[in-house]
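Engineer: The structure follows.
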Amino acid sequence: MYTPIAKGYFSGCGGMEIGIMQAGVNIIQSLDLDKEATDCMRANSHYFSHTVLMADIKDKTVLEQPHTDIIIGTYPCTKYSPIADIHGTRTGDDLFLHFFRHIAIEQPEMYVVENVPGMRKFRVVMEAMTKLQDYYVNIFCPVDAANWLPQRRKRLILIGTRKPFSISSPGQINNRPRLKDILENNPDVEMPGYVINRINGKYRDMPIIVDPSTPGAIAPTCVAHYAKDLGTRLVKDRNAKYGLRPFSVREYARLQGFPDDFHFENKRSSYRLIGNAVPVHMGRWVGDVAMKYFNL
């Protein structure tokens, strides 16, 4: 069996990479501009023994990178989100072009894009990602993390290949974990005063409250903004002082499919890393597709 090699851009803390590696693909390099994200990958060397670069893709020439069969890009999606507040942030406007540059010059056998469904509305972005000469493109939208995990998270997955290849959309697995199964018995959860106020009805926006005892309960999308406001998503817990509480860092990681031996520091910024990640199981599906393609 052939083992394809891949590299990732905008890797974050490595959710996509873990899933792809679980499928059997060999990742040889990951790159991200975020120091905390790359530090997190390096702290989990039992998953990431390959090169992890803290760098900006716009400063990297294509030919100085190792050639790989697959190039993976999960560039920032802020602008493509309908609730975006893009003032003072990098939105992906130029980043998708830099990813396009790497594909166009290197011409790998396969490239993968993951982003929010709203990216489809941006005609220039979609033209760049789908009209490269000599590539056949499959677009899957939405792909929902709820196929594999008790979290509602819809994404766009675009797969370009040098040869035509039929790919089936993923469906919900039979043994999807239940929300109550991913909750900790005695979680170490921060309860800021504003969370307590929100529980007591003092809020600008109502929190999303999830009851894990409800059959088929699904958590809302794990968002990076949770790091700034733990009161937006609350889970019912009869052992909690107020009957409600935020999700713990480990629970948030489990909602994204990270294994329990993947280390996240128990601090607020870990929610941001987790919320920005690609669900591991979604990456595993991409990896399975790649393994089938390269072993036709």
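Engineer: Given an 8 Å cut-off on Cα distances and at least 6 residues of separation, report the relative contact order of region 136-246 as a percent.
Structural biologist: That works out to 24 percent.
Engineer: Cα centroid distance between region 194-231 and region 113-166, in Å?
Structural biologist: 29
Engineer: Further, regarding this structure: Just to confirm my understanding: which cysteines in the chain have no other cysteine beta carbon less than 4.7 Å from their beta carbon?
Structural biologist: 77, 141, 222
Engineer: I'd like to compare 228-235, 119-126, 18-25, 173-180: which one has the highest average count of other Cβ atoms within 10 Å, and what's the full order after that?
Structural biologist: Packing order, densest peptide first, comes out as 18-25, 228-235, 119-126, 173-180.
Engineer: Report for the chain the percent antiparallel among DSSP-assigned beta bridges with both residues inside it, nearest 5.
Structural biologist: For the chain, the DSSP antiparallel bridge percentage is about 40.
Engineer: Among the listed pairs 202/228; 7/180; 58/163; 35/228, which are separated by more than 26 Å between their Cα atoms?
Structural biologist: Result: 7/180; 58/163 exceed 26 Å.
Engineer: Under 1.5 on a/c is rounded, so check that first for region 1-65, then, if it is not, pick prolate when a/b is larger than b/c and oblate when it is not; a ≥ b ≥ c are the square roots of the alpha carbon gyration tensor eigenvalues.
Structural biologist: oblate
Engineer: Summing -39500 (n - 2.57) over the DSSP H runs of n ≥ 4 in the chain and dividing by its residue number, what mean residue ellipticity at 222 nm do you reach, to the nearest 500 deg cm²/dmol?
Structural biologist: Rounded to the nearest 500, it is -7500 deg cm²/dmol.
Engineer: While we're looking at this one, here's another question. Pop a pseudo-label 7 angstrom from the Cα along the beta-carbon direction at both residue 67 and residue 2 and give the gap in nm to one decimal.
Structural biologist: 1.4
Engineer: Another question, then. What shape does region 160-296 take by its C-alpha gyration tensor, where a ≥ b ≥ c are the square roots of the eigenvalues and a/c under 1.5 counts as rounded, a/b above b/c as prolate, and the rest as oblate?
Structural biologist: prolate
Where a number appears in this text, it was derived from the coordinates with a stated rule and is not lab data. Given the structure is predicted, the values throughout are model-derived calculations rather than measurements. Positions of Cβ are backbone-derived with ideal geometry, glycine not excepted, and every protein chain shown enters the neighbour counts.
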